[in-house]
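We did not get these values from a lab; they are worked out from the coordinates using the rules stated. Because the structure is predicted, anything quoted here is derived from the model rather than measured. Reconstructed Cβ throughout: ideal geometry from the backbone, glycine too, with neighbour counts over all protein chains shown.
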Amino acid sequence: MVWSPPFNDLQQRLNRKTVTAKMQAQYPAHVRLYDLLFDGHEDMRPLALMERRARLALWAQSLPNADLSEDVPFTDFPELEERWKEARANGIEGLMLKRKDGPYLQGRLKGYWYKWKRAALTLDCVLMYAQRGSGKRSSYYSDLTFGVWSDPATLVPVGKAYSGFTDEELLRLDKWIRNNTAERFGPVRSVTPGLVLEIAFDAVQPSTRHKSGVAMRFPRVHRIRWDKPAAEADTLTAINALV
């Protein structure tokens, strides 16, 4: 599998009216091609994936700063699983499994495509702030901000999560937040550092918006660690090692 740069590099080029020569050199733009839906006025979508890919490969040869996404050959599923385990080391989010004879179909139809995302990372974080949710959770504190220890006495935020717990867990979580509120800031409550959340996330990237200097990508609550003391949660050193 071809190594890909981190998503944070792409963000350096987004929403900019002008791009300096230094930035072009540091974050060069590149296009990776995956599929061909139209070739001129010809609709390619009814054709099988391998036919579309063959036409796309010919078209890609004439394009500068572009390449075709790599096929991942395998002979059996154990071998494919080993290739999937290489995803994080290769800087990609996972594998796309597609039927060779499949047409290009709109929507999320099952049986033609499957996104096999790489395994999540996990860290134990401490709940810092909570805010009421929306919709059916508007009466409960379900929007959670959590952090890690920058030193034995200081927590710094590293992300927010809104999902990953059941309705039953939410009731207990909401009660804990109300009983352990330290301060209120409008709709937000800060809580005493006593509850550990095991957070699953895809990656860690630098962030100027967080006091910690880092932020988790796609965080979610994997488990509420009612049993774990907050002092034993992870540290900023540990999360920086994952950037």
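Extending 7 Å from the Cα toward the beta-carbon at both T237 and D43 defines two label points whose distance is 6.2 nm.
Counting only alpha carbon atoms, the long axis of helix 49-60 and the longest principal axis of the chain meet at about 80°.
Please give the length that would be gained between E51 and V31 if that part of the chain were fully extended, namely 0.36 nm times their separation in residues minus their C-alpha to C-alpha distance (nm, one decimal).
Between E51 and V31, full extension yields 5.1 nm more.
Distances between placed amide hydrogens fall under 5 Å for L68 paired with L33, all partners being 5 or more residues away or on another chain.
Computing Rg/Rh (Cα atoms, Kirkwood Rh) directly from the structure and comparing it against [x] 0.97; [y] 0.93; [z] 1.06 singles out [z].
Helices in the chain, meaning DSSP H runs of at least 4 residues, each add -39500 (n - 2.57). Divided by all residues, the mean residue ellipticity at 222 nm is -5500 deg cm²/dmol. Quick one: angle between helix 167-179 and the longest Cα principal axis of the chain, in degrees between 0 and 90, rounded to 10, please. So the helix axis and the longest Cα principal axis differ by about 40 degrees. Note on the range 121-240: antiparallel DSSP beta bridges, both residues inside, total approximately 95 percent of the bridges counted.
Efficiency by 1/(1 + (r/R0)^6): what FRET value for E168 and W113, r their Cβ-Cβ distance, R0 = 30 Å, to the nearest 0.05?
After rounding to 0.05, the efficiency reads 0.35.
Summarising the amide proton neighbourhood of L47: residues at separation of 5 or more, or on other chains, whose placed amide H is nearer than 5 Å comprise Y104. Amide H contacts of M128 (H built 1.01 Å from N, in plane; Pro and chain starts excluded): T145, F146, G147 sit under 5 Å, all sequence-distant by 5 or more or on other chains.
Only lysine pairs 8 or more places apart or on separate chains count here, and in the chain those with Cα atoms under 26 Å apart total 20.
Normalised by the number of residues in the range 146-191, the average gap of Cα pairs under 8 Å and 6 or more apart makes the relative contact order 20 percent.
The distance between label points at R178 and L14 comes to 3.8 nm (points 7 Å beyond Cα on the Cα→Cβ vector).
What percent does the relative contact order of the chain come to when contacts are Cα pairs within less than 8 Å and at least six residues apart?
On the way: 401 pairs, mean separation 38.1, N = 243.
Worked out over the chain, it gives 16 percent.
If I take every Cα pair under 8 Å that is 6 or more residues apart in the range 21-74, average their sequence separation and divide by the length, what percent do I get for the relative contact order? Mind dumping the intermediate values first?
Values: 43 pairs, mean separation 21.0, N = 54.
That works out to 39 percent.
Rounded to the nearest 20, the size of the Cβ-charge dipole of the range 121-240 about its Cα centre is 460 debye, with Lys and Arg at +1 and Asp and Glu at -1.
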